[in-house]
Structures are given as structure tokens and as C-alpha cells.
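This report concerns only the one structure given below.
The values are calculated or read from the model by the stated rules, or taken from the named source; none is laboratory data. Nothing here was measured: the structure is a model prediction, and the numbers come from that model. Here the Cβ is made from the backbone with ideal geometry for all residues, glycine too, and neighbour counts use every protein chain on show.
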Amino acid sequence: MTKNNQAFKQALKIGRPPNIKKLFPNSNALIVSGKFIDRALIKKGKAIALAANGRSYFIIKGVLQAAQKANAAVILEIAKSEGGINGYCAVNFWNLARIVDFLCNQLNITVPVAIHADHYKIKTAKDIEEAKNQIPSLFDAGITSMANDASFLPEDKNLNANILLSSYIPSWAGFETEVGEIKGAAGLSTVEDSLFLTAGLNAYNIFPDWLALNNGTVHGIEESGGGIQVELTKKIHRTLAPYTISGAQHGTSGNSLALLKKITEQTKTTKANVATALQMISWGVKTTDTGNAVLDDNGDFIKVKGLGVSQEVWEEMQIYALNHNLKAGDLKKSNLAFENRLMSQSKKIKERMAKGVEEFAYNLIKNIFNSENTAPLVYESIIEADSYSAKPKGEKIENKKDWTPEKIIFKASLLKTSKDDETGDFDD
């Protein structure tokens with residue numbers, strides 16, 4: 001047995017959280033807390049874990065194969081809009097861990113995987129009440145990391161929602177929060193609002209692993225040509241350095257690979273979400289090297305012969321889109337309706353769907369995000385901790401007396417933020 005295999009076996013024995021052990025008692029899948037993924041990427045330095053939105057079996061399989069090939073720690077996630085109660089994907093909060101565990105065992109995947117509930121949106125008081133029951137159900141189903149996203153709300157309510165709901169997230173689990181909705185150049189996050197949220201949480205002994213920003217990205221097809229604002233991201237990360245919080249980069253699809261490399265090399269980002277690009281590639285849509293779909297003169301996708309889904313299924317999807325008035329960027333909403341149809345295709349077709357995802361994801365992992373060979377770093381961290389739970393990176397530096405409910409409202413009133421632009425698709 002090689003040293004790497006020994007470390008994997010030891011990490012498997014120690015590092016699986018209680019919910020994972022209970023769900024999959026005889027599994028050889030190393031499903032871990034998102035905290036360990038973050039720590040490993042920090043340890044390597046200038047490296048980011050691919051966080052792939054697993055909208056389908058094919059995407060999940062392709063990403064796992066790419067991670068195994070690169071010996072890289074990876075995150076599989078699904079957003080509330082994709083896989084929540086009213087989600088448009090068959091993959092959801094409550095079955096993602098089961099699918100990942102099955103594929104890891106089937107494919108002999110030995111790299112560490114975190115199961116992340118992405119963009120758990122909080123927009124209303126009703127959402128908060130629902131979350132009190134729903135968040136525990138996510139962890140019962142195998143989630144090991146989550147993003148509590150109340151960024152739609154005014155800054156004081158965002159902070160208060162995070163404070164309230166943090167108690168429903170196990171202390172061992174990875175934890176992400178967000179400031180500024182992801183919607184392109186509108187409502188960009190600022191140093192001030194980022195510091196407000198991070199410092200306010202710190203005062204209550206809450207130490208998020210990741211902070212997601214609106215740093216100029218969008219969800220879906222990138223059309224602006226602008227994309228990620230690296231200098232803004234660097235400035236915010238420098239300011240937040242005392243809190244030792246990592247960055248989570250959202251909306252990567254369609255951004256230039258050069259921009260993504262800059263985020264990797266120049267910021268404190270350790271997690272990058274990739275959703276739309278993987279969807280397009282699994283279908284066999286013509287894309288740029290960034291994964292951005294190439295549209296024809298009518299604004300429709302261009303299907304590449306011999307890639308992705310069969311031509312027959314593609315034509316059925318186009319009819320469905322027409323009948324349901326789904327424009328190009330909304331075709332993602334056909335996932336649930338076509339799950340059984342996609343799974344009924346031939347083995348050859350299904351394998352090429354996953355293979356396309358594997359090749360794209362492998363290039364990101366190895367050449368853009370620099371996360372190759374981070375799996376052993378996770379093994380080491382788990383073995384050093386001798387636990388499935390990593391210690392918080394941060395320590396308390398804020399005084400709770402300075403962050404009473406009244407003072408939170410007052411501090412928030414001094415912030416200059418933009419919540420007036422509701423355009424854009426920022427649910428994923």
C-alpha cells in the first residue's frame with residue numbers, strides 16, 4: 001500500500017462527519033466537511049477548489065472523474081433554485097450526497113469531496129422560519145457545507161439572518177455567507193459592507209469559511225464582456241485579512257480564463273462555483289474555451305454534432321423550450337422534465353456527456369485553479385486534527401457590545417450600498 005493510499009484509508013476512518021457515517025456506514029467515499037477543503041487550498045497557496053453545481057448525474061460523474069485524475073479535492077453543490085423545494089433539477093439538496101456517494105464507490109474515487117448546499121436564499125421572514133426546519137433536513141440528507149445567502153436583504157437584516165440561522169448549521173460543517181447579490185456590474189460589493197457582515201458575525205463567535213461577493217460576475221451566460229473585477233476583490237480580501245476568511249468566487253462561467261487565473265493567483269479565494277459552463281458542455285452545446293455558450297443569429301444555442309446529448313433528445317428539448325417560452329439562458333429549467341429522457345439514452349451517449357464535463361473540469365482544476373494534488377493535503381489535515389471537524393480559522397476580535405441589535409441597525413444605516421437594481425439572474 002502506497003503512502004497516499006494509507007493516508008486515504010486513515011482519513012476515511014476519521015474524517016467522515018457523523019451524518020455521512022450514518023447514511024453510508026459501509027462506504028469508501030471520502031465525503032468531508034467543506035472546512036477541510038478550504039484549509040487544504042490555503043495550505044497549497046494560490047489555489048482554488050472547483051465547486052461544481054451538479055445539475056445532473058452526468059455533470060457529477062464528469063467532475064468526480066476529473067478530480068480523481070488531478071488528485072484534487074473538490075466540492076459538489078446544488079443551489080436552492082436548482083435543487084430546493086421548487087428546484088428545476090432532479091438533483092436536489094436531499095439526494096446529492098447519495099448520488100455522489102454512489103459514484104465515488106462505483107468509480108473508485110478516493111479524492112475528498114464536500115457536499116455543499118449553495119445559495120440557500122433568505123429573502124423574507126417566512127424563509128427564515130422555513131429554514132429552521134429545512135436546514136437540519138439538509139444535513140440529515142448528507143450536506144457537509146452550506147452557503148447561507150441573505151444578500152438580497154438590507155445589510156442589517158443580512159447580518160441578523162446569518163446570526164440567527166448559524167445555530168442550525170453544525171459547527172463541523174463548512175459555512176459560506178454572501179454580501180451583494182451576484183448580478184454583474186449592478187450593486188457591487190464594497191469594502192464597507194463586506195467588513196460590516198464579517199465583523200458583525202465575528203462579534204457573535206461566527207467564523208465563516210468563505211465570503212461570496214458581487215465582484216462583477218453574473219449567473220448564467222456572460223454577456224457583458226466585463227466579468228470579474230480582480231482589483232475590487234483584492235482590496236476587499238486585504239481588508240478582511242484579520243478575520244482569516246477565504247473568498248468564494250461565484251459566476252465563473254464565461255469569464256476569461258486569464259481573469260480566473262488572476263483570481264487564483266492574486267486573491268484569497270479558495271472556492272469557485274462553476275454551473276452554466278458544465279451544463280452547456282454536458283449537452284454538447286457550442287462554447288468558447290471559457291464554457292460560455294455561442295449563440296446563433298437568432299440567439300439560440302448551436303448543437304455540436306457528436307457531442308453531448310443525442311440529436312433526437314436535443315430536438316425534443318428545443319420543442320419543449322418553444323412550448324414553455326424558454327429562451328436560451330432559461331433552457332436550464334428543462335433539467336427536471338428531461339431527467340428520465342436523458343438517463344434513457346444509450347451508454348455511449350451518456351458517457352460522452354460525462355466525458356465532455358471531465359475534460360473541461362480537468363483543465364480548470366489543473367491549469368486555472370491550481371488545485372491539482374490537493375487531495376493529500378486534505379488527508380493530512382484530517383489526520384492532524386484527528387477529527388471530522390476542523391478548528392475555526394479565525395478568532396474573536398470584535399466586542400459583542402458593539403454589535404447589539406440597535407447598533408447593527410445604526411451601523412448599517414451608514415453604509416452606502418445599492419439594492420435598487422433587481423435586474424439579472426442571480427438565483428443560482
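Of note:
- The stretch 84-109 residues that are free of Cβ contacts under 8 Å to residues at least 60 places away in the same chain and of a type in the set (Lys, Arg), paired with ones that are surrounded by fewer than 21 Cβ atoms within 10 Å (Cβ to Cβ) and in a helix (DSSP H, G or I) (beta carbon under 9 Å, 6 or more apart): none
- Number of residues in the stretch 105-156 that are within 30 Å of Ile382 (Cα to Cα) and acidic (Asp, Glu) equals 3.
- Some residue of the stretch 83-90 being surrounded by 24 or more Cβ atoms within 10 Å (Cβ to Cβ), closer than 18 Å to Val274 by Cβ and modelled with pLDDT under 95: no
- Scan the stretch 24-33 for residues that are touching a residue at least 24 places away in the same chain (Cβ under 8 Å) and surrounded by fewer than 17 Cβ atoms within 10 Å (Cβ to Cβ) and the total you get is 2.
- Tally, over the stretch 323-341, of residues that are over 24 Å from the mean Cα position of the chain (by Cα), in a helix (DSSP H, G or I) and either on the phi > 0 side of the Ramachandran plot or not basic (Lys, Arg) (or both): 2
- Among the residues of the stretch 298-322, those identified as assigned to a helix (DSSP H, G or I) and either among the acidic types (Asp, Glu) or under 11 Å from Leu342 (Cα atoms) (or both) are Glu312, Val313, Trp314, Glu315, Glu316, Met317.
- The stretch 14-23 - residue that is touching a helix residue (DSSP H, G or I) at 6+ places or on another chain (Cβ under 6 Å) and either farther than 16 Å from Met146 by Cα or at pLDDT below 95 (or both) and, of those, surrounded by the most Cβ atoms within 10 Å (Cβ to Cβ): Gly15
- Any hit, the stretch 173-190, residues being modelled with pLDDT of 95 or more and surrounded by fewer than 20 Cβ atoms within 10 Å (Cβ to Cβ): no
- Under the condition of being of a type outside the set (Ser, Thr, Tyr) and more than 22 Å from Ala147 (Cβ to Cβ), the residues counted in the stretch 53-73 number 9.
- Boolean, Leu165 is in contact with a strand residue (DSSP E or B) (Cβ under 7 Å, 6 or more places away or on another chain) and surrounded by fewer than 23 Cβ atoms within 10 Å (Cβ to Cβ): yes
- Hits in the stretch 139-164 (condition: of a type outside the set (Ser, Thr, Tyr), within 19 Å of the chain's Cα centre (by Cα) and within 17 Å of Lys121 (Cβ to Cβ)): Ile143, Met146, Ala147, Asn148, Asp149, Ala150, Phe152, Asn162
- Residue in the stretch 315-325 that is without any contact (Cβ under 8 Å) to a residue 12 or more places away in the chain, within 30 Å of Thr267 (Cα to Cα) and in contact with an Asp or Glu (Cβ under 9 Å, 6 or more places away or on another chain) present: no
- In the condition set (1) among the charged types (D, E, K, R); (2) within 20 Å of the chain's Cα centre (by Cα); (3) modelled with pLDDT under 90; (4) more than 23 Å from Ala79 (Cβ to Cβ), Asp289 is compliant with all but (2).
- Restricting Asp300, Asp289 to those that are of a type in the set (Asp, Glu), touching a residue at least 24 places away in the same chain (Cβ under 8 Å) and surrounded by 14 or more Cβ atoms within 10 Å (Cβ to Cβ) reduces the list to Asp300.
- Residue check, Ile75 of a type in the set (Val, Ile, Thr), at pLDDT 95 or above and in contact with a His (Cβ under 9 Å, 6 or more places away or on another chain): yes
- Tally, over the stretch 255-283, of residues that are part of a helix (DSSP H, G or I) and more than 13 Å from Asn215 (Cβ to Cβ): 13
- Extreme residue, surrounded by the fewest Cβ atoms within 10 Å (Cβ to Cβ), among residues of the stretch 223-267 that are without any contact (Cβ under 8 Å) to a residue 12 or more places away in the chain and of a type outside the set (Asp, Glu): Gly225
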